[in-house]
Amino acid sequence: MLRLLSLLFFFCAARAFGAQPNVIYIMTDQQSADALSCRMGDRYLKTPALDSLAARGTFFTRAYTPNPLCMPARNSIFTGRYPHETGVTDNAEMNTGFALNAAEFPTMGTYFRQAGYQTAYYGKWHLAYDQQKPETHGFEMLGGTKPIIDADSAEKAVSFLNQKHEKPFLLVVSFLNPHNVCELARGQELNNGPIGTPPPVAERPPAPANLAPPQNEPDSMTKIRAGYHANPAFPVGNFSPAMWQALRWGYYRLIEKVDAEIGKVLAAVKAAGLEENTLIVFTADHGECAGAHGLNQKTVFYEESSRVPLIISLPGQKAARTSELFVNTGTDLLPTMFDVAGLARSSKLTGVSLRAPTNGEPVKVWRDQVVVENNMSQGGLVDGSVPMTEGRMVRTDRYKYCVYANGEHRESLVDLQKDPGEMHDLARDPAFRDTLLAMRERLRKFGAETNDKLVATMLADDVKPRPFAIVTQPKRGGS
């Protein structure tokens, strides 16, 4: 009887969306949540391809990366597990040969391949699996160049879509840009091609209103900022407002370049007549500060770095929708894909499917917060030392609370309704003591429920000062 009911469930799910829908997952690298013309207007940025997807999909305005850095975010998204579960918390694993246990942490490629799907992956990898061993990650067809060229990734994806498919497929297209903003800040060659020269200052996008560091910020962040600015990978410590304007102009050009490549993929989907039976998910692994609080790149908890674009278009969806539900892209995307495809999900996946809100169905119960993790280990002071600290962030409807493992003052609290630019830290304001304690308790509960052992350590002893973890050989990462 149970087997019969299970088969009936999967049959109904397949009937609702068409028999075994295809799944296309498109990801950019380092694109902030509102960096699309359908979100910010088209005066400084034009993204017609992504705008067209948003026009027939659902845009989630409160989607957050599990960790605002490439490897932790990607390995979380592809396994559906938190970074503290996978153990991939920074980019160091990229150069050490570290590999995740494929039996404990199957990827979306493995899940879908075992379900009978054809699986293909083109573009940037950055996963802690041996790319040459499909048995560890599940992707049968692979393709990418070094350095990564987005036009090549799009060409391979289009070629795949033009093939005749005997069974449903999972196609991942992982683009590099606008990640070239890292090289742009350093004055280096852009491996995806030049973008031209910035126009006169008056014609550039304005510098961000939150260019200065927050008032009363924790010394954890002050020390990290100093370390970043001393590192040649983050050469922005002396940027003038005009220089930040030039960087933001370039950042938008890089987004336009990758949008054009995404447009090729979406056009191929339409030309092949696949729109009616294909789930399309678009997001970015993390955002980009682009001057917010005097920083470029990512890793930090500020909105520009941690909040990401997320568009989900169900098979045959025509109506544009917007959702303000809290989403963790690391835990929620795989359950969504499984739900739409009618596949069973592992009990180890704790995320929530977004199928119902994407489809405009009322949602009675949803989480009232989202938690983000980070590991800031990419700076480097002039004496050759590197201040390092990990942190956790809790975002509710009104407040954002952050706590760090090291520092004299290790907490921050911001009222995002009154202070969306995160300019005034309230953690040491006695008037907000009760709010601070309530946010601590939220994080404490999350740590217990998800076995995040670092949470208890950070919140122990009433968040008393803890010395910084210092290494003497600087990590010169950042990309």
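Take region 255-401 with all the other protein chains still there, run a 1.4 Å probe, and you get 29 Å² of accessible area per residue.
Summed over qualifying helices (DSSP H, 4 residues or more, each -39500 (n - 2.57)) and divided by its residue number, the chain shows a 222 nm mean residue ellipticity of -9500 deg cm²/dmol.
Accessible surface computed residue by residue for region 14-118, with neighbouring protein chains in place and a 1.4 Å probe, gives 32 Å² per residue. What a 1.4 Å probe finds exposed on region 176-306 is 56% carbon and sulfur by accessible area, rounded to a whole percent. The residues of region 142-235 have, on average, 44 Å² of accessible surface per residue, using a 1.4 Å probe with all protein chains present. The slack in the chain from Ala92 to Ala320, taken as 0.36 nm per residue of separation less the alpha-carbon distance, amounts to 78.1 nm. Scanning the chain for long hydrophobic helices, with DSSP H runs required to stretch 20 angstrom or more by C-alpha along their axis and to average at least 0.5 on the Kyte-Doolittle scale, returns 2-17. The aspartates and glutamates whose alpha-carbon is closer than 12 Å to the alpha-carbon of Lys464, local same-chain residues fewer than 8 away aside, are Glu408, Glu411.
One chain, two ends: Lys464 and Leu349. Fully extended at 0.36 nm per residue, the span grows by 38.0 nm beyond their Cα-Cα distance. Determine the alpha carbon to alpha carbon distance for each of Lys264/Lys348; Lys46/Lys167; Lys298/Lys453; Lys348/Lys418; Lys348/Lys445 and list only those over 26 Å. Violating the 26 Å limit, Cα to Cα: Lys264/Lys348; Lys46/Lys167; Lys348/Lys418. Quick one: grab the alpha carbon gyration tensor of region 101-150, order the square roots of its eigenvalues as a ≥ b ≥ c, and give me rounded if a/c is under 1.5, else prolate or oblate depending on whether a/b is larger than b/c. Verdict is oblate for region 101-150.
Rounded if a/c is under 1.5, else prolate if a/b beats b/c, else oblate: with a ≥ b ≥ c from the C-alpha gyration tensor eigenvalues square-rooted, which is region 35-176? Oblate is the answer for region 35-176, as a/c is 1.5 or above yet b/c matches or exceeds a/b. For Lys270, the solvent-accessible surface computed with a 1.4 Å probe is close to 140 Å², ligands and nucleic acids excluded. For the chain, the pair-distance distribution built from all alpha carbon pairs, in bins 10 Å wide starting at 0, is 4, 20, 32, 27, 13, 3, 0, 0 percent.
Taking a ≥ b ≥ c as the square roots of the eigenvalues of the Cα gyration tensor, region 328-373 is oblate, since a/c reaches 1.5 or more and a/b is not larger than b/c. Segment Ala19..Asn216, full-extension length gain: 65.3 nm, with 0.36 nm per residue of separation and the alpha-carbon distance subtracted.
For the set Trp125, Trp366, solvent exposure ranked by accessible area (probe 1.4 Å, protein chains only) runs largest to smallest as Trp366, Trp125. Taking every protein chain into account, the 1.4 Å probe leaves Val365 with about 120 Å² of accessible area, to the nearest ten.
The values are calculated or read from the model by the stated rules, or taken from the named source; none is laboratory data. The structure presented is a predicted model; accordingly, all values stated were derived computationally and were not measured. Note: areas computed on protein heavy atoms with side chains; ligands, DNA, RNA excluded. Shrake-Rupley method; radii C 1.70, N 1.55, O 1.52, S 1.80 Å.
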